[in-house]
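Let me begin by presenting the structure, written as C-alpha cells, before commenting on it.
What follows is calculated from the coordinates using simple rules that are stated; it is not laboratory data. Note that the structure is predicted; figures quoted are calculated from it, not measured. All Cβ positions, even for glycine, are placed from backbone atoms using ideal geometry, and neighbour counts span all protein chains on display.
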C-alpha cells in the first residue's frame, strides 16, 4: 500500500493516544520509529518491484507479460483479505511481536522470489508478501502513534509514512537499476537484505505494544453498510484500478512501443516518482480546502496522459512528458482518496482504515489482472485505454456527490 495509507493516520493515531503506553520520547523510541519507517520502505519497495523488471522475469520464467502481472495481482488479493482479518483476529497479541513476525515474512518472501525456479514458486513468494503486507499496514498504522510521547505522535507518524513516499519514488527504479547491473534476482536479494535490516532494527528497538480493543466484525459491517461508504469504495476502486491496469505494464510499453533502453526506463520511472512526491506535498493544502476539485483534476490529468501515450510513441520527449504528467496526477491521487475515506467515518477510524487498505489492494489486484488479460489478448495500448476508461468512470462517481467542499463533507459523514 503506498501514500494512500498515510491519509488515515491522523485519525488512527489520535484515537490511539488515549491508550498511549510510552512515557517519554527517548532516542531509543525515535529509533523504533525509524525502524518501522524502514519496514514501510521495504514493504512498498517489494510490492512495486516487479513493475520495473517485469519483462526480464517474464522472459526467464517463460510466461507472457500479462501473466507476469500476477506478481502484482496476487499480493494485492491476499493483502486485501489479510488487512481486516489481521485487525479482527489479532486479539490480545502484543503488536511488537506481530510487527517482527511480519518483517520476517517479508524477508522470506523476497528470498523465495529471488530463488524461484519457476513462475509458480514466484507466485508463492508473492502470496506470502500479501499476507505480510496487509498485516503490516493493519498493525503499523494503528501502532504508529504509540511509539513516542503523545505530543510527538504526529511527527512519528509522518516519519513512518515518509518511508512510503521514498519507496514510491525509489522502489521501481531501484529494482530496474539493480537488474541492469546484475539481474532481476539480485533485485529481490537486495530487498531481502533491506527487509532483514528492518527486522533487526525492529527487534532491537521496538517497545512492548500491548493490544488495545480490536476491531469487531459488527463495527466493520456497520461502516460498510453506509451508502456513502459504498460509493466511496467504488470511487477508490475505479481510480486506483485505472492506475494499476496501466502502470503495471509501463515497462513493457516503454521497451516494446517506445523503444527505450533499460537506462532510459530507469530514469523515466525515477522521474515519475519524483514529480509524484513533489505533487503529494504541493497539493496537501488544496486537498484540505477543495477535496473534490483536487481529486477530479488529478484523475483528469491521469486520463489525458493514458490516452496520449499510445499516440506519442514516436517521440521520446512526448512519451517522457506524458509519463511525468501521469506521475504528477498519481502523486496527488492517494492523498486525496485517503482524505476522502477518512471523512466517511471520523467516529470509526479503524474501520475506515481497514477498508482503505482492503479497497486499495483489491484495486491493485483487479486492475493489474484485467490489464494483463488485455495486454495478452489485445496489446499494450488497449490496456492504457482501459485505464483511462476506468478513470472516466471514477470521475462520474465523483460527480454524483455534487459540488462544493462543505456539501461533500456533509454527504460523506451522513
Calculate, for residue 261 and residue 312, the FRET efficiency according to 1/(1 + (r/R0)^6) with r their C-beta to C-beta distance and R0 25 Å; round to the nearest 0.05. 0.90
The simple spin-label model distance between residue 64 and residue 108, using points 7 Å out along Cα→Cβ, in nm, is 3.3
Set the Förster radius R0 to 22 Å, insert the Cβ-Cβ distance between residue 278 and residue 392 as r into 1/(1 + (r/R0)^6), and round the FRET efficiency to 0.05. 0.30
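Using the count of nearby Cβ atoms within 10 Å as a rough guide to exposure, how do 378, 330 rank from fewest to most?
The fewest-first ordering by Cβ neighbours comes to 378, 330.
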Theoretical FRET efficiency, 1/(1+(r/R0)^6), r = Cβ-Cβ of residue 400 and residue 225, R0 25 Å, to 0.05: 0.85
Stretched fully, the stretch from residue 193 through residue 93 gains (0.36 nm per residue minus C-alpha distance, one decimal, in nm) 33.3 nm
Gain upon complete extension [residue 118, residue 101; 0.36 nm per residue less C-alpha separation]: 3.5 nm
Between residue 385 and residue 217, the two model label points (7 Å from Cα along the beta-carbon direction) sit apart by a distance in nm of 4.5
Applying the gyration tensor rule to the Cα atoms of segment 246-400 (axes a ≥ b ≥ c; rounded if a/c under 1.5, else prolate if a/b exceeds b/c, else oblate), the class is prolate
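Using the 10 angstrom Cβ neighbour count as an exposure proxy, how do 290, 243 rank, fewest first?
Values: 290 17, 243 25.
Ascending Cβ contact count within 10 Å gives the list 290, 243.
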By counting other Cβ atoms within 10 Å of each Cβ, how are 204, 291 ranked from fewest to most? 204, 291
By the gyration tensor of its Cα atoms, with a ≥ b ≥ c the square roots of the eigenvalues, what is the shape of segment 170-269: rounded for a/c under 1.5, prolate for a/b over b/c, or oblate? oblate
So if each residue of separation counts as 0.36 nm, and I subtract the Cα-Cα distance between residue 373 and residue 203, what length gain in nm does that give? 57.0 nm
